[in-house]
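Scroll down for the structure; my scribbles are underneath it.
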Amino acid sequence: MSLWLRRLAPLAVVVVVAAGCVSTNSSSGDDSDLHGKTVNVIGTWGGDEQTAFLKMVEPWEKQTGAKVKYTGTRDINTVLTTGVASGVLPDLAGLPGPGQLAEYAKAGKLKPLDNVLDIKTYQSETAPALAQLGKSDGKVYGVFIKAAVKGLIWYNTKVHDYGANPPKTWTDLMSQASANQGAAKDVWCLGVESGASSGWPGTDWIEDLVLRTAGPQVYTNWYEGKVKWTDPAIKKAFQMYVTDVVGKSYGGGKNAVATNFGNAGDPMFANPPGCELLHQASFITTFSQFKSHTAGTDYNFFPFPDIDPQYAGAVEGAGDLFGMFHDTPAAKSLMKYLVTADAQDIWVKIGGALSANEDAIDYPDEVSKQSAAILAHAKSFVFDASDSMPTAMNDAFWSAMVALTNGSKTVDQVLSDLDRAQKDAYTS
(Lines give C-alpha, C1' and ligand atoms only; values in the text may rest on other atoms or scores of the structure.)
Protein backbone atom coordinates (compact mmCIF):
# COMPACT_ATOMS: atom_id res chain seq x y z
CA MET A 1 0.00 0.00 0.00
CA SER A 2 1.53 2.98 -1.11
CA LEU A 3 2.40 4.05 -0.31
CA TRP A 4 1.15 3.36 2.14
CA LEU A 5 -0.84 4.42 1.59
CA ARG A 6 -4.34 5.44 2.30
CA ARG A 7 -3.87 5.84 5.98
CA LEU A 8 -5.96 8.80 7.20
CA ALA A 9 -9.15 9.15 9.15
CA PRO A 10 -11.95 8.67 6.61
CA LEU A 11 -13.37 11.70 4.83
CA ALA A 12 -16.51 11.67 2.76
CA VAL A 13 -15.75 11.76 -0.94
CA VAL A 14 -18.22 14.57 -1.48
CA VAL A 15 -16.39 16.67 1.12
CA VAL A 16 -13.03 15.93 -0.48
CA VAL A 17 -14.27 16.87 -3.93
CA ALA A 18 -15.90 20.04 -2.69
CA ALA A 19 -12.98 21.13 -0.53
CA GLY A 20 -9.98 20.13 -2.57
CA CYS A 21 -10.64 19.87 -6.26
CA VAL A 22 -11.33 23.30 -7.68
CA SER A 23 -8.26 24.99 -9.14
CA THR A 24 -7.90 28.70 -8.41
CA ASN A 25 -4.70 29.40 -10.31
CA SER A 26 -4.20 31.14 -13.60
CA SER A 27 -2.53 29.39 -16.52
CA SER A 28 0.35 31.73 -17.23
CA GLY A 29 3.40 33.20 -15.53
CA ASP A 30 6.35 31.90 -13.52
CA ASP A 31 7.39 31.68 -9.85
CA SER A 32 7.47 35.47 -9.56
CA ASP A 33 3.75 35.59 -10.39
CA LEU A 34 2.59 33.03 -7.82
CA HIS A 35 1.91 35.22 -4.78
CA GLY A 36 -1.60 34.55 -3.52
CA LYS A 37 -2.13 31.50 -5.74
CA THR A 38 -3.34 28.16 -4.35
CA VAL A 39 -2.40 24.59 -5.27
CA ASN A 40 -5.11 22.10 -4.33
CA VAL A 41 -3.59 18.77 -3.29
CA ILE A 42 -5.27 15.49 -2.37
CA GLY A 43 -3.27 12.74 -0.71
CA THR A 44 -3.46 9.80 1.64
CA TRP A 45 -1.64 11.31 4.59
CA GLY A 46 -3.08 12.17 7.98
CA GLY A 47 -1.70 12.73 11.45
CA ASP A 48 2.09 12.87 11.58
CA GLU A 49 2.39 12.19 7.86
CA GLN A 50 0.16 15.14 6.98
CA THR A 51 2.21 17.31 9.32
CA ALA A 52 5.42 16.13 7.64
CA PHE A 53 4.08 16.91 4.15
CA LEU A 54 2.99 20.39 5.18
CA LYS A 55 6.44 20.97 6.70
CA MET A 56 7.91 19.81 3.42
CA VAL A 57 6.04 22.44 1.38
CA GLU A 58 6.57 25.34 3.81
CA PRO A 59 9.83 26.58 2.17
CA TRP A 60 8.12 26.62 -1.23
CA GLU A 61 5.19 28.60 0.18
CA LYS A 62 7.55 31.14 1.76
CA GLN A 63 9.60 31.48 -1.42
CA THR A 64 6.68 31.85 -3.82
CA GLY A 65 3.95 33.40 -1.69
CA ALA A 66 1.61 30.66 -2.90
CA LYS A 67 -0.28 28.26 -0.65
CA VAL A 68 -0.91 24.51 -0.59
CA LYS A 69 -4.48 23.52 0.27
CA TYR A 70 -4.24 19.89 1.34
CA THR A 71 -7.10 17.40 1.75
CA GLY A 72 -6.58 13.86 2.97
CA THR A 73 -8.63 10.74 2.34
CA ARG A 74 -8.21 7.04 2.85
CA ASP A 75 -10.29 6.33 -0.22
CA ILE A 76 -8.02 7.96 -2.79
CA ASN A 77 -8.97 5.38 -5.43
CA THR A 78 -12.64 6.36 -5.33
CA VAL A 79 -11.93 10.08 -5.17
CA LEU A 80 -9.68 10.05 -8.23
CA THR A 81 -11.71 7.54 -10.22
CA THR A 82 -14.80 9.68 -9.66
CA GLY A 83 -12.83 12.79 -10.52
CA VAL A 84 -11.48 11.33 -13.75
CA ALA A 85 -15.05 10.50 -14.81
CA SER A 86 -16.49 13.90 -13.82
CA GLY A 87 -13.53 16.13 -14.64
CA VAL A 88 -13.54 17.57 -11.12
CA LEU A 89 -9.94 16.99 -10.04
CA PRO A 90 -7.30 18.55 -7.78
CA ASP A 91 -4.25 20.29 -9.17
CA LEU A 92 -1.90 17.65 -7.74
CA ALA A 93 -2.64 14.30 -6.15
CA GLY A 94 -0.97 11.35 -4.59
CA LEU A 95 -1.61 8.45 -6.95
CA PRO A 96 -2.46 4.97 -5.63
CA GLY A 97 0.25 3.37 -7.75
CA PRO A 98 1.75 2.91 -11.22
CA GLY A 99 -1.30 0.96 -12.40
CA GLN A 100 -3.62 3.87 -11.69
CA LEU A 101 -1.08 6.33 -13.09
CA ALA A 102 -1.26 4.51 -16.41
CA GLU A 103 -5.08 4.53 -16.30
CA TYR A 104 -5.29 8.27 -15.65
CA ALA A 105 -2.66 9.05 -18.28
CA LYS A 106 -4.49 6.94 -20.86
CA ALA A 107 -7.70 8.79 -20.02
CA GLY A 108 -5.90 12.05 -20.83
CA LYS A 109 -6.40 13.47 -17.35
CA LEU A 110 -2.83 13.39 -15.99
CA LYS A 111 -0.48 15.98 -17.43
CA PRO A 112 2.97 14.83 -18.65
CA LEU A 113 5.89 16.29 -16.73
CA ASP A 114 8.57 16.13 -19.44
CA ASN A 115 8.33 19.89 -20.00
CA VAL A 116 7.87 20.66 -16.30
CA LEU A 117 10.92 18.96 -14.77
CA ASP A 118 14.55 19.01 -15.76
CA ILE A 119 14.24 15.36 -16.77
CA LYS A 120 17.97 14.73 -17.07
CA THR A 121 18.59 15.98 -13.53
CA TYR A 122 15.53 14.22 -12.15
CA GLN A 123 16.56 10.88 -13.60
CA SER A 124 20.17 11.23 -12.45
CA GLU A 125 19.10 11.91 -8.87
CA THR A 126 16.25 9.39 -8.61
CA ALA A 127 16.58 5.66 -8.00
CA PRO A 128 16.27 4.20 -11.54
CA ALA A 129 13.50 1.75 -10.66
CA LEU A 130 11.37 4.56 -9.22
CA ALA A 131 12.02 6.91 -12.12
CA GLN A 132 10.86 4.22 -14.56
CA LEU A 133 7.68 3.52 -12.60
CA GLY A 134 6.56 7.12 -13.02
CA LYS A 135 6.38 6.72 -16.80
CA SER A 136 3.57 5.75 -19.15
CA ASP A 137 4.08 5.35 -22.90
CA GLY A 138 7.58 6.77 -22.53
CA LYS A 139 6.50 10.01 -20.86
CA VAL A 140 6.92 11.01 -17.21
CA TYR A 141 3.52 11.41 -15.54
CA GLY A 142 4.41 10.82 -11.91
CA VAL A 143 7.24 11.45 -9.50
CA PHE A 144 8.04 9.85 -6.17
CA ILE A 145 8.34 12.31 -3.31
CA LYS A 146 9.14 9.58 -0.80
CA ALA A 147 9.63 5.84 -0.78
CA ALA A 148 9.51 2.80 1.48
CA VAL A 149 11.04 -0.65 1.66
CA LYS A 150 8.43 -3.32 2.16
CA GLY A 151 8.86 -6.69 3.85
CA LEU A 152 10.93 -5.64 6.84
CA ILE A 153 10.59 -7.84 9.94
CA TRP A 154 10.50 -5.72 13.11
CA TYR A 155 11.27 -7.02 16.58
CA ASN A 156 11.56 -5.82 20.18
CA THR A 157 15.24 -6.09 21.06
CA LYS A 158 14.33 -6.63 24.73
CA VAL A 159 12.47 -9.83 23.86
CA HIS A 160 15.23 -11.14 21.61
CA ASP A 161 17.89 -9.27 19.62
CA TYR A 162 18.22 -10.79 16.16
CA GLY A 163 20.99 -8.35 15.22
CA ALA A 164 23.85 -10.83 15.58
CA ASN A 165 22.13 -13.66 13.74
CA PRO A 166 19.24 -12.50 11.55
CA PRO A 167 17.36 -15.32 9.80
CA LYS A 168 18.61 -15.84 6.27
CA THR A 169 15.85 -18.19 5.07
CA TRP A 170 12.14 -18.64 5.77
CA THR A 171 12.84 -21.99 7.44
CA ASP A 172 15.45 -20.32 9.62
CA LEU A 173 13.00 -17.53 10.47
CA MET A 174 10.26 -19.90 11.59
CA SER A 175 12.76 -21.99 13.57
CA GLN A 176 14.32 -18.99 15.32
CA ALA A 177 10.93 -17.40 16.01
CA SER A 178 9.81 -20.56 17.77
CA ALA A 179 13.04 -20.89 19.74
CA ASN A 180 13.13 -17.22 20.76
CA GLN A 181 9.43 -16.69 21.39
CA GLY A 182 9.92 -16.69 25.15
CA ALA A 183 6.93 -15.21 26.95
CA ALA A 184 5.39 -13.84 23.75
CA LYS A 185 1.93 -15.31 23.22
CA ASP A 186 2.31 -15.69 19.44
CA VAL A 187 4.92 -15.24 16.74
CA TRP A 188 3.31 -12.58 14.55
CA CYS A 189 1.77 -9.21 15.21
CA LEU A 190 -0.90 -8.76 12.52
CA GLY A 191 -3.34 -5.96 11.72
CA VAL A 192 -5.00 -5.46 8.33
CA GLU A 193 -7.63 -2.83 9.16
CA SER A 194 -7.24 0.47 7.30
CA GLY A 195 -10.73 1.89 6.76
CA ALA A 196 -11.74 1.85 3.10
CA SER A 197 -8.34 0.33 2.29
CA SER A 198 -8.58 -2.56 4.76
CA GLY A 199 -6.69 -5.61 3.60
CA TRP A 200 -3.63 -3.92 2.10
CA PRO A 201 -1.24 -5.13 4.85
CA GLY A 202 -2.29 -8.67 3.91
CA THR A 203 -1.55 -8.00 0.24
CA ASP A 204 1.96 -6.97 1.27
CA TRP A 205 2.43 -10.39 2.85
CA ILE A 206 1.28 -12.18 -0.31
CA GLU A 207 3.53 -10.03 -2.48
CA ASP A 208 6.62 -10.79 -0.43
CA LEU A 209 5.86 -14.51 -0.51
CA VAL A 210 5.20 -14.56 -4.28
CA LEU A 211 8.41 -12.60 -4.96
CA ARG A 212 10.56 -14.98 -2.97
CA THR A 213 8.95 -18.26 -3.99
CA ALA A 214 8.18 -17.57 -7.66
CA GLY A 215 10.63 -14.79 -8.53
CA PRO A 216 10.44 -11.28 -10.03
CA GLN A 217 9.25 -12.37 -13.49
CA VAL A 218 6.25 -14.34 -12.22
CA TYR A 219 5.59 -11.49 -9.77
CA THR A 220 5.51 -8.98 -12.64
CA ASN A 221 3.38 -11.21 -14.89
CA TRP A 222 0.98 -11.69 -11.98
CA TYR A 223 0.28 -8.01 -11.34
CA GLU A 224 0.07 -7.41 -15.09
CA GLY A 225 -2.77 -9.94 -15.24
CA LYS A 226 -0.84 -12.57 -17.21
CA VAL A 227 -0.88 -15.20 -14.45
CA LYS A 228 -4.08 -16.47 -12.89
CA TRP A 229 -4.59 -16.21 -9.17
CA THR A 230 -5.32 -19.93 -9.03
CA ASP A 231 -1.91 -20.67 -10.59
CA PRO A 232 0.06 -22.93 -8.21
CA ALA A 233 2.84 -20.34 -7.93
CA ILE A 234 0.37 -17.78 -6.54
CA LYS A 235 -1.67 -20.26 -4.50
CA LYS A 236 1.46 -21.34 -2.63
CA ALA A 237 1.90 -17.83 -1.21
CA PHE A 238 -1.71 -17.71 -0.01
CA GLN A 239 -1.35 -21.09 1.68
CA MET A 240 1.84 -20.00 3.44
CA TYR A 241 0.11 -16.83 4.65
CA VAL A 242 -2.78 -18.76 6.18
CA THR A 243 -0.61 -21.43 7.82
CA ASP A 244 2.59 -19.64 8.82
CA VAL A 245 1.26 -16.14 9.47
CA VAL A 246 -2.45 -15.99 10.35
CA GLY A 247 -2.20 -19.33 12.14
CA LYS A 248 0.60 -17.97 14.32
CA SER A 249 -0.73 -14.43 14.81
CA TYR A 250 -1.64 -12.68 18.05
CA GLY A 251 -5.38 -13.05 18.65
CA GLY A 252 -5.91 -14.89 15.37
CA GLY A 253 -7.40 -13.73 12.09
CA LYS A 254 -10.54 -12.11 13.48
CA ASN A 255 -8.43 -9.94 15.77
CA ALA A 256 -6.19 -9.03 12.83
CA VAL A 257 -9.05 -7.65 10.72
CA ALA A 258 -10.19 -5.55 13.69
CA THR A 259 -6.69 -4.17 14.37
CA ASN A 260 -5.46 -1.11 12.51
CA PHE A 261 -2.14 -1.73 10.79
CA GLY A 262 -0.56 1.21 12.62
CA ASN A 263 -1.32 -0.37 16.00
CA ALA A 264 -0.51 -3.96 15.01
CA GLY A 265 2.95 -3.83 16.58
CA ASP A 266 1.77 -2.52 19.96
CA PRO A 267 1.54 -5.97 21.62
CA MET A 268 5.21 -6.47 20.75
CA PHE A 269 6.09 -3.83 23.36
CA ALA A 270 3.71 -5.11 26.07
CA ASN A 271 4.86 -6.97 29.18
CA PRO A 272 4.53 -9.86 28.63
CA PRO A 273 4.62 -9.37 24.85
CA GLY A 274 1.63 -10.49 22.83
CA CYS A 275 3.69 -11.14 19.73
CA GLU A 276 7.32 -11.38 18.73
CA LEU A 277 7.60 -10.10 15.16
CA LEU A 278 5.88 -7.55 12.88
CA HIS A 279 6.00 -7.57 9.10
CA GLN A 280 5.70 -4.00 7.87
CA ALA A 281 7.34 -1.36 5.70
CA SER A 282 9.96 1.17 6.75
CA PHE A 283 7.34 3.84 7.43
CA ILE A 284 5.95 2.02 10.49
CA THR A 285 8.43 3.82 12.77
CA THR A 286 6.16 6.88 12.88
CA PHE A 287 3.14 4.94 14.14
CA SER A 288 1.79 4.22 17.62
CA GLN A 289 4.19 2.53 20.08
CA PHE A 290 7.15 2.87 17.73
CA LYS A 291 7.04 6.63 18.26
CA SER A 292 7.58 6.29 22.02
CA HIS A 293 10.42 3.79 21.68
CA THR A 294 13.97 4.33 20.44
CA ALA A 295 15.10 2.96 17.09
CA GLY A 296 18.07 0.64 17.40
CA THR A 297 17.72 0.40 21.18
CA ASP A 298 14.14 -0.73 21.79
CA TYR A 299 13.42 -2.12 18.34
CA ASN A 300 15.12 -3.02 15.10
CA PHE A 301 14.46 -5.02 11.94
CA PHE A 302 15.95 -7.58 9.62
CA PRO A 303 15.14 -7.93 5.91
CA PHE A 304 12.57 -10.45 4.72
CA PRO A 305 14.54 -13.69 4.39
CA ASP A 306 15.04 -15.62 1.17
CA ILE A 307 12.79 -18.58 0.46
CA ASP A 308 14.00 -19.89 -2.91
CA PRO A 309 17.77 -19.19 -3.14
CA GLN A 310 17.61 -18.41 -6.85
CA TYR A 311 15.68 -15.24 -5.99
CA ALA A 312 18.01 -14.11 -3.20
CA GLY A 313 18.31 -10.39 -2.70
CA ALA A 314 14.93 -9.45 -4.18
CA VAL A 315 13.33 -6.40 -2.55
CA GLU A 316 9.81 -5.05 -2.71
CA GLY A 317 9.31 -1.35 -2.35
CA ALA A 318 6.65 1.29 -2.64
CA GLY A 319 6.40 5.01 -2.74
CA ASP A 320 4.19 8.04 -2.88
CA LEU A 321 3.65 8.85 -6.53
CA PHE A 322 2.55 12.39 -7.24
CA GLY A 323 0.83 13.47 -10.42
CA MET A 324 -0.48 16.70 -11.92
CA PHE A 325 -4.04 17.08 -13.20
CA HIS A 326 -3.94 20.85 -13.82
CA ASP A 327 -0.78 22.31 -15.32
CA THR A 328 -1.08 25.73 -13.69
CA PRO A 329 2.12 27.69 -13.04
CA ALA A 330 1.81 27.14 -9.28
CA ALA A 331 1.22 23.40 -9.69
CA LYS A 332 4.22 23.08 -12.00
CA SER A 333 6.39 25.07 -9.62
CA LEU A 334 5.41 22.87 -6.69
CA MET A 335 6.12 19.69 -8.68
CA LYS A 336 9.60 20.97 -9.52
CA TYR A 337 10.25 21.67 -5.86
CA LEU A 338 8.94 18.34 -4.52
CA VAL A 339 11.48 16.23 -6.43
CA THR A 340 14.49 18.10 -5.03
CA ALA A 341 16.78 16.73 -2.35
CA ASP A 342 16.15 19.85 -0.23
CA ALA A 343 12.43 19.16 -0.17
CA GLN A 344 12.69 15.43 0.45
CA ASP A 345 15.32 15.83 3.16
CA ILE A 346 12.70 17.64 5.28
CA TRP A 347 10.51 14.53 5.48
CA VAL A 348 13.51 12.22 5.72
CA LYS A 349 14.83 14.12 8.76
CA ILE A 350 11.44 13.92 10.49
CA GLY A 351 11.50 10.13 10.10
CA GLY A 352 9.37 7.37 8.62
CA ALA A 353 10.27 8.15 5.01
CA LEU A 354 12.97 7.18 2.57
CA SER A 355 13.82 9.61 -0.17
CA ALA A 356 13.40 8.83 -3.85
CA ASN A 357 16.11 11.44 -4.44
CA GLU A 358 19.43 9.75 -3.74
CA ASP A 359 20.98 13.08 -2.70
CA ALA A 360 18.64 13.36 0.30
CA ILE A 361 20.53 11.65 3.11
CA ASP A 362 19.53 13.41 6.32
CA TYR A 363 18.18 10.28 8.05
CA PRO A 364 17.47 10.57 11.79
CA ASP A 365 18.87 7.21 12.93
CA GLU A 366 20.80 4.11 11.86
CA VAL A 367 17.62 2.09 11.40
CA SER A 368 16.41 4.57 8.74
CA LYS A 369 19.84 4.56 7.10
CA GLN A 370 19.77 0.76 6.92
CA SER A 371 16.35 0.87 5.23
CA ALA A 372 17.65 3.38 2.69
CA ALA A 373 20.68 1.18 2.00
CA ILE A 374 18.43 -1.79 1.24
CA LEU A 375 16.53 0.29 -1.31
CA ALA A 376 19.73 1.62 -2.87
CA HIS A 377 21.54 -1.74 -3.10
CA ALA A 378 18.72 -4.15 -3.96
CA LYS A 379 19.80 -6.84 -6.42
CA SER A 380 16.26 -7.02 -7.76
CA PHE A 381 13.67 -4.35 -7.04
CA VAL A 382 9.94 -4.68 -7.64
CA PHE A 383 7.16 -2.25 -6.86
CA ASP A 384 4.20 -3.09 -4.65
CA ALA A 385 2.11 -5.43 -6.82
CA SER A 386 -1.35 -4.41 -5.65
CA ASP A 387 -0.52 -0.75 -6.27
CA SER A 388 0.53 -1.70 -9.80
CA MET A 389 -2.76 -3.44 -10.58
CA PRO A 390 -5.82 -1.77 -12.12
CA THR A 391 -8.07 -0.19 -9.51
CA ALA A 392 -10.76 -2.88 -9.68
CA MET A 393 -8.20 -5.66 -9.23
CA ASN A 394 -6.50 -3.81 -6.39
CA ASP A 395 -9.81 -3.34 -4.57
CA ALA A 396 -10.74 -7.00 -5.03
CA PHE A 397 -7.34 -8.06 -3.66
CA TRP A 398 -7.80 -5.94 -0.54
CA SER A 399 -11.27 -7.37 0.10
CA ALA A 400 -10.05 -10.91 -0.49
CA MET A 401 -7.34 -10.53 2.14
CA VAL A 402 -9.89 -9.44 4.74
CA ALA A 403 -12.08 -12.46 3.97
CA LEU A 404 -9.10 -14.82 3.99
CA THR A 405 -7.64 -13.41 7.19
CA ASN A 406 -10.87 -13.55 9.21
CA GLY A 407 -11.58 -17.07 7.95
CA SER A 408 -14.86 -16.28 6.19
CA LYS A 409 -13.41 -17.66 2.94
CA THR A 410 -10.87 -20.35 2.13
CA VAL A 411 -7.81 -19.98 -0.07
CA ASP A 412 -9.58 -21.70 -2.96
CA GLN A 413 -12.63 -19.46 -2.61
CA VAL A 414 -10.72 -16.17 -2.60
CA LEU A 415 -8.52 -17.25 -5.50
CA SER A 416 -11.57 -18.18 -7.58
CA ASP A 417 -13.10 -14.80 -6.73
CA LEU A 418 -9.90 -13.05 -7.80
CA ASP A 419 -9.72 -14.99 -11.06
CA ARG A 420 -13.20 -13.72 -11.89
CA ALA A 421 -12.27 -10.16 -10.98
CA GLN A 422 -9.13 -10.41 -13.11
CA LYS A 423 -11.14 -11.17 -16.26
CA ASP A 424 -12.88 -7.79 -16.09
CA ALA A 425 -10.21 -5.63 -14.45
CA TYR A 426 -7.67 -5.95 -17.27
CA THR A 427 -10.12 -5.58 -20.14
CA SER A 428 -12.32 -2.69 -18.96
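Rounded to the nearest 5, what % of DSSP beta bridges with both residues in the chain are antiparallel?
Of the beta bridges lying entirely in the chain, close to 55 percent run antiparallel.
Using the charge dipole of the range 341-428 (Lys, Arg: +1 at Cβ; Asp, Glu: -1 at Cβ; taken about the Cα centre), state which of Ile374, Pro390, Ala360 has its Cα farthest towards the positive end. The Cα lying farthest towards the positive end belongs to Pro390.
Kindly sort Asp231, Asp137, Asp342 by accessible area of their heavy atoms, largest first, with the probe set to 1.4 Å.
Largest accessible area first, the residues go Asp137, Asp342, Asp231.
In the neighborhood of Pro273, defined by Cβ-to-Cβ distances under 13 Å, what is the net charge if each Lys or Arg adds +1 and each Asp or Glu adds -1? Write out the running numbers ahead of the final one.
Working: positive: Lys158, Lys185; negative: Asp186, Asp266, Glu276, Asp298.
Within the 13 Å Cβ shell, the charges total -2.
Per residue of the chain, the DSSP helices (runs of n ≥ 4 H) give a summed -39500 (n - 2.57) that works out to -12000 deg cm²/dmol at 222 nm. Taking 0.36 nm per residue of separation and subtracting the Cα-Cα distance, full extension of the segment from Ile119 to Ser292 would add 58.2 nm.
The spacing between the range 82-96 and the range 349-387, judged by their C-alpha centroids, is 28 Å. Here the extension length gained between Val242 and Asp412 equals 60.0 nm, from 0.36 nm per residue of separation less the Cα-Cα distance.
Cβ-Cβ distance of Ala179 and Ala270, R₀ of 22 Å, FRET efficiency by 1/(1 + (r/R0)^6): the value works out to about 0.60. Put simply, the C-alpha atoms of the range 201-334 give a gyration tensor, and the ellipsoid matching it has half-axes of 28, 26, 15 Å, longest first. Residue-wise HN-Hα couplings along the range 147-164, as the Karplus relation 6.51 cos²θ - 1.76 cosθ + 1.60 with θ = phi - 60° gives them from phi, are 9, 8, 9, 8, x, 7, 10, 9, 8, 8, 5, 6, 7, 6, 9, 7, x, 7 Hz; Gly and Pro carry x. Expressed as a whole percent, the accessible area of the range 210-324 that falls on carbon and sulfur atoms is 48 (1.4 Å probe). Each residue of the range 401-410 was assigned a 3J(HN,Hα) from its phi angle through the Karplus curve 6.51 cos²θ - 1.76 cosθ + 1.60 (θ = phi - 60°); the sequence is 5, 5, 5, 5, 5, 7, x, 6, 9, 8 Hz, with glycine and proline shown as x. Per-residue extension of 0.36 nm, minus the Cα-Cα distance of Thr220 and Ala107, leaves a gain of 38.3 nm for this segment.
Can you tell me the alpha carbon radius of gyration of the range 225-265 divided by the globular rule-of-thumb value 2.2 N^0.38 Å? Please list the in-between numbers first.
Numbers: Rg = 13.1 Å, N = 41, 2.2 N^0.38 = 9.0 Å.
Against the empirical 2.2 N^0.38 Å value, I get 1.45 for the range 225-265.
For the chain, the Cβ-based charge dipole about the Cα centre amounts to some 600 debye (Lys, Arg positive; Asp, Glu negative; other atoms uncharged). Each peptide in 324-331, 158-165 receives the mean, over its residues, of other Cβ atoms within 10 Å, and ordering these scores from highest gives 324-331, 158-165. Model label sites at Asn263 and Asp161, defined 7 Å from Cα along the beta-carbon direction, differ in position by 3.1 nm. For the range 316-375, the extents of the C-alpha atoms along the principal axes are 40, 24, 16 Å, listed from largest to smallest. For the range 81-167, the relative contact order comes to 24 percent (Cα pairs under 8 Å, sequence separation of at least 6). Note on Glu61 and Thr171: their simple-model spin labels are 5.6 nm apart, each label 7 Å out from Cα toward Cβ.
What ranking, highest mean first, results for peptides 90-102, 270-282 when packing means the other Cβ atoms within 10 Å averaged over each residue?
Values: 90-102: 26.2, 270-282: 22.2.
So the peptides 90-102, 270-282, ranked by packing, come out 90-102, 270-282.
Residues of the range 381-401 with an amide N closer than 20 Å to a point placed 7 Å from the Cα of Lys423 along the Cα-to-Cβ direction: 390-400. According to the calculation over all Cα-Cα pairs in the range 109-184, the P(r) per 10 Å bin from zero is 14, 32, 13, 18, 19, 5 %.
Can you work out D for the range 236-306 in µm² s⁻¹ from Stokes-Einstein, where Rh is the Kirkwood radius over C-alpha pairs, the temperature is 4 °C and the viscosity is 1.567 mPa s?
Numbers: Rh = 13.3 Å.
Estimated diffusion coefficient is 98 µm²/s.
Each of Cys275, Asn260, Pro305 was placed along the dipole of the range 247-378 (beta-carbon charges, centred on the mean Cα), and the one lying farthest toward the positive end is Asn260. Simple point charges give the picture: +1 on the Cβ of Lys and Arg, -1 on the Cβ of Asp and Glu, and for the range 286-428 a dipole about the Cα centre of about 200 debye. Dividing the radius of gyration of the alpha carbons in the range 74-118 by their Kirkwood radius gives 0.96 for Rg/Rh.
For Ser136, the residues whose amide H sits under 5 Å from its own are Tyr141, ignoring neighbours fewer than 5 places away on the same chain, with H placed 1.01 Å from N. Applying Stokes-Einstein at 10 °C and 1.306 mPa s to the Kirkwood radius of the chain, computed over alpha-carbon pairs, gives a translational diffusion coefficient of 73 µm² s⁻¹.
Volume per residue for the range 186-248 equals 86 cubic angstrom (convex hull of Cα atoms). Backbone geometry of the range 338-354 corresponds, through the Karplus equation with coefficients 6.51, -1.76 and 1.60 at θ = phi - 60°, to 3J(HN,Hα) couplings of 5, 8, 7, 5, 4, 5, 6, 4, 4, 6, 4, 5, 5, x, x, 9, 9 Hz, x marking Gly and Pro. Ignoring lysines fewer than eight residues from Lys248 along the same chain, the ones with Cα atoms less than 16 angstrom from its Cα are Lys185. Stokes-Einstein diffusion of the range 298-338 at 37 °C, 0.692 mPa s viscosity, Kirkwood radius from Cα pairs, rounded to a whole number: 227 µm²/s.
Per the Debye formula on identical point scatterers at the alpha carbon atoms of the range 322-428, with no solvent, log10 I(q)/I(0) at q = 0.16, 0.23 Å⁻¹ is -0.92, -1.08.
The values are calculated or read from the model by the stated rules, or taken from the named source; none is laboratory data. Quantities reported herein were computed from a predicted structural model and do not represent experimental measurements. Note that we place each Cβ from the backbone using ideal geometry, even for glycine, and neighbour counts take in every protein chain shown. Just the protein is used for accessible areas: all its heavy atoms, side chains included, with ligands, DNA and RNA removed. Shrake-Rupley method; radii C 1.70, N 1.55, O 1.52, S 1.80 Å.
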